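Read the figures in this text as sums done on the coordinates, not as results from a lab. Computed from a predicted model, the values in this text were never measured in an experiment. Here the Cβ positions follow ideal geometry from the backbone for every residue, glycine too, while neighbour counts run over all protein chains shown.
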Amino acid sequence: MGTNVKSIKIILKTALCLLILVSGCNEKEVELVDGNMSYKHDSSQPVRLDSFSPLEGSRDTEIIVYGNNFSSNPRDIIVTINNMRATVHEAYKDKLVITVPNKSGSGKIKISIAGREVESTVDFNYIRGTLTVRTLAGTGLSGYKDGSSSEAQFNFSIRGAGIVTDTYGNVFVADVGNHAIRKITPSGLVSTFAGNGTAGSTNGIGNNANFYHPYGLAIDAQNNLYVADTWNWQIRKITPQGEVSIFAGIPNPCGITVDKRNGDVFSISYDAGIVYRFSRQGDLIEQIRVNGTRMLGDIEVDSKGNLYVVDNYGCNIEKLNAGTWEKSRFAGSTTYGFLNGPGNQAQFASPWGIGIDVNDNLYIGGTGDNSDNTSPDHTIRFINGTTKEVSSIAGAGKGFANGTISRARFSSPADVAVDPTGIIYVLDRNNHCIRKISLE
């Protein structure tokens with residue numbers, strides 16, 4: 001019996017060796033990884049995209065893409081829909097499972113692997129959900145009061161204002177008229193995070209600190225806030241615990257943003273046409289002149305480090321390429337007005353605030369005019385980060401109304417923030433409230 005067992009073992013070992021030798025003849029196709037069969041993309045063969053299903057859907061719809069010579073490692077593959085990156089959840093030699101990104105729009109599905117690109121022969125049809133506008137906090141009357149969504153009051157009566165979101169879903173706003181930084185929870189509960197309603201320049205914790213007309217607001221990856229404390233000519237830093245300190249000093253700071261990749265802080269001196277760049281420790285790295293442009297508004301930075309500056313006086317959006325800071329006009333014809341369309345033909349009416357989403361699309365607050373009686377734009381504008389096409393997301397004429405995006409009305413929306421899930425928050429300046437735009 002012992003001899004038979006040994007013979008069986010020898011036969012099995014021989015068979016296993018033969019299987020490995022056969023598999024080795026096509027080692028690019030299959031390899032053993034953690035006990036599972038895994039496919040490695042063959043760079044000598046083309047990538048093929050045969051079909052996908054379903055052919056239409058809205059954000060977060062799961063799509064199965066069929067083809068050949070993909071990879072079983074999702075990190076090897078980039079998939080886009082209408083040039084907006086989709087999330088790859090599962091990957092195999094002949095199949096991918098992806099989800100539709102927010103606001104992708106309709107277009108071709110493209111797959112990139114090892115420098116090769118293939119695209120679908122038909123478009124994916126993007127179906128938009130019902131976007132609705134509601135009031136997150138504020139009574140519509142100017143004042144200074146903490147409390148529930150329907151009780152709280154803000155004072156946005158001066159041009160500048162800033163709004164950001166943290167990693168917990170809270171919204172922070174620079175309440176410029178009340179010299180304070182206010183916090184709004186996801187349920188709409190409003191509190192004063194720092195400041196006390198009195199102008200000043202005192203550092204301290206929470207209500208012990210003072211600001212003097214804070215225009216802009218930014219947040220870093222650790223949830224530290226940076227305040228453009230305009231009339232104090234200072235940039236203030238607020239820790240998550242509410243401790244306020246002086247970060248740096250520049251003349252008339254207004255727009256401010258943080259590059260979350262490295263913690264660099266960028267702030268605009270609004271009437272000097274200069275962007276100041278600071279390290280996370282507050283050391284001045286450089287001054288970037290925006291070629292004589294004056295009356296700048298807000299500023300944002302994208303995932304690659306490019307800067308976008310709102311030219312309030314010139315009625316356009318400028319782009320500064322990362323590192324070289326070479327300037328080009330990203331959107332706007334420099335003509336005051338209201339017109340959607342291709343970036344270089346679109347018109348803005350003294351824009352001020354700017355927001356950016358995870359796909360590097362831009363959102364613009366309709367007007368930065370202190371007096372909005374004749375402004376043609378009280379909407380939230382969307383600029384596709386790839387095509388530069390400008391459209392309106394919500395709003396029309398001046399007013400106040402919640403509801404669908406076609407029915408909603410704003411009055412001088414001054415700034416916009418977009419959280420990682422695509423929810424849009426609007427600082428509705430002349431209505432003295434914070435509005436929320438989301439899928440119903």
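Structure data summary
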{"item": "Exposure proxy ranking, count of Cβ atoms within 10 Å, fewest first, for GLU243, GLU62, GLU326", "result": "GLU326, GLU62, GLU243"}
{"item": "Segment 33-126: relative contact order in percent, alpha carbon pairs under 8 Å with at least 6 residues between", "result": "29 percent"}
{"item": "Value of relative contact order over the chain, rounded to a whole percent, pairs C-alpha under 8 Å and six or more apart", "result": "10 percent"}
{"item": "Kirkwood-based shape ratio for the chain, expressed as Rg/Rh from alpha carbons", "result": "1.11"}
{"item": "Protection proxy ranking, peptides 267-276, 328-337, average beta carbon neighbours within 10 Å, highest first", "result": "267-276, 328-337"}
{"item": "Order of LYS145, LYS388 - criterion: other Cβ atoms within 10 Å of each residue's Cβ, fewest first", "result": "LYS145, LYS388"}
{"item": "In degrees, nearest ten, helix 2-24 long axis to first principal axis of the chain (Cα)", "result": "50 degrees"}
{"item": "Ordering of 94-103, 223-232, 254-263 by packing [mean C-beta count within 10 Å, highest first]", "result": "223-232, 254-263, 94-103"}
{"item": "The chain, helix-only ellipticity at 222 nm - DSSP H runs n ≥ 4, -39,500 (n - 2.57), divided by all residues, nearest 500", "result": "-2000 deg cm²/dmol"}
{"item": "Residues LEU136, LEU217, sorted so that the one with the fewest Cβ neighbours within 10 Å comes first", "result": "LEU136, LEU217"}
{"item": "Three-way shape call for segment 207-295 based on the alpha-carbon gyration tensor, with the a/c threshold at 1.5", "result": "oblate"}
{"item": "Computed label-point distance, nm, for sites TRP233 and ASP42 using a 7 Å Cα→Cβ extension", "result": "7.0 nm"}
